[in-house]
1. Does the stretch 95-118 hold any residues that are of a type in the set (D, E, K, R) and surrounded by 14 or more Cβ atoms within 10 Å (Cβ to Cβ), and which are they?
2. Surrounded by 20 or more Cβ atoms within 10 Å (Cβ to Cβ) and in a loop (DSSP other than H, G, I, E, B) - does that describe any residue in the stretch 128-136?
3. Could you tell me which residue of the stretch 179-212 is surrounded by the fewest Cβ atoms within 10 Å (Cβ to Cβ), considering only residues that are within 20 Å of Lys105 (Cβ to Cβ) and out of contact with any helix residue (DSSP H, G or I) (no Cβ under 7 Å at 6 or more places or on another chain)?
4. Could you grab the pairs with beta carbons closer than 7 Å, sequence gap of 6+ or different chains, first residue in the stretch 36-48 and over 10 Å from Gly265 (Cβ atoms), second one charged (D, E, K, R) and not in a loop (DSSP other than H, G, I, E, B)?
5. Name the pairs: first residue in the stretch 95-123 and part of a helix (DSSP H, G or I), second residue surrounded by fewer than 19 Cβ atoms within 10 Å (Cβ to Cβ) and among the acidic types (Asp, Glu), Cβ to Cβ under 8 Å, at least 6 apart or on different chains?
6. Which ones in the stretch 48-59 are assigned to a loop (DSSP other than H, G, I, E, B) and either among the basic types (Lys, Arg) or surrounded by fewer than 22 Cβ atoms within 10 Å (Cβ to Cβ) (or both)?
7. Examine the stretch 142-162 for a residue that is part of a helix (DSSP H, G or I), among the small types (Gly, Ala, Ser), touching a residue at least 40 places away in the same chain (Cβ under 8 Å) and closer than 30 Å to Ala46 by Cβ, and state whether such a residue exists.
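Quick note: the coordinates plus some simple rules give every number you see, no bench work behind them. All values derive from a computational prediction rather than experimental measurement. For neighbour counting, all protein chains shown are included, and Cβ atoms are generated from backbone atoms with ideal geometry for every residue, glycine included.
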Amino acid sequence: MENRTFGGAAPAGGVDLHTHSTASDGELSPPELVSLARARGLGTIALTDHDSVAGIDAALEAARNMSIQVIPGVELSADVPNSEVHVLGYFIDWHDTRFLGMLDKFREGRYGRAEKMTRRLAALGAPVSFDRVKEIAGDAAIGRPHVAQALLEAGHVTTIAEAFDRYIGRNGPAYVERFRLTPEDAVGLILQAGGVPVLAHPREVTNYIPPLVKTGLLGLEVYYGAYDDATRSALLHLADENGLIATGGSDFHGLDKMAHMSGLGDVGIPPGVVDALKRKAEAIQKERARNR
């Protein structure tokens, strides 16, 4: 782990602990994201791309000459019956070979999954080019949002939401299962990579909190972009009850994507959250070093 991710106090300014770049499904490249964060007066952001750490080095390099801290992170997607659970990881060792191997499995699974979806779509009378899906994804891990964009471009749907509702949502006729990871597996992988696991946007999956705490969950995303005060209050109570760090972030994907969400840095996160995460990460990594 590079020292600059732990070095000294966090720079002054706001905090956003849930952001995405073009390394997954965000609109901005990692350097563009860092520049926007600094322009908005933020002092710390976490780059938490979906199942990818490909943007971390570029984000850290962009932050090198700015007064901003970039926390290396990730957002792992885990399957549960009829839904998904997402687990954020903070201060991960993004060069860990075992962790990277697992992410490669995700990438390989997503590639094959997207290709199967395009075949099913063709059979349903809504053909899209798999080559175009790959072009849309670029360097990011191919996901359903890229297939949805291809459907939109081909004129088969009028919105991204319609693409999911009609074709590629979990109950859609072109849906294909992907490489499966349980929430417990996701927590364990993040801990193994020296990171601090936090349950993302947990309002609909609070029943998973107790078993995940037993597995090693250390935080709960209380201050989430779309949550009202009542929801935050209820989640804060759950975090206190389970001894979890109350974190937060905007889930920022770009200036146009997910426009219903809060903008970069717009979610108020209490002071001390970054330091609390950092202390947990330091303890995890000391234990990790002892066990090697």
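1. Asp96, Arg107, Arg110, Arg113, Glu115, Lys116
2. Yes.
3. Restricting to residues being within 20 Å of Lys105 (Cβ to Cβ) and out of contact with any helix residue (DSSP H, G or I) (no Cβ under 7 Å at 6 or more places or on another chain), the top hit is Arg180.
4. So the pair list comes out as Thr48/Glu75.
5. From the stretch 95-123, the pairs are Arg113/Glu177.
6. Ala54
7. The answer is no; no qualifying residue exists.
So that you can scan it fast, the table gives a plain yes or no per residue for (1) part of a strand (DSSP E or B); (2) buried (at least 24 other Cβ atoms within 10 Å of the Cβ); (3) of a type outside the set (Val, Ile, Thr):
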{"residue": "Ala46", "(1), (2), (3)": "yes, yes, yes"}
{"residue": "Glu61", "(1), (2), (3)": "no, no, yes"}
{"residue": "Asn65", "(1), (2), (3)": "no, no, yes"}
{"residue": "Val70", "(1), (2), (3)": "yes, yes, no"}
{"residue": "Leu76", "(1), (2), (3)": "yes, yes, yes"}
{"residue": "Val85", "(1), (2), (3)": "yes, no, no"}
{"residue": "Gly89", "(1), (2), (3)": "yes, yes, yes"}
{"residue": "Asp93", "(1), (2), (3)": "no, no, yes"}
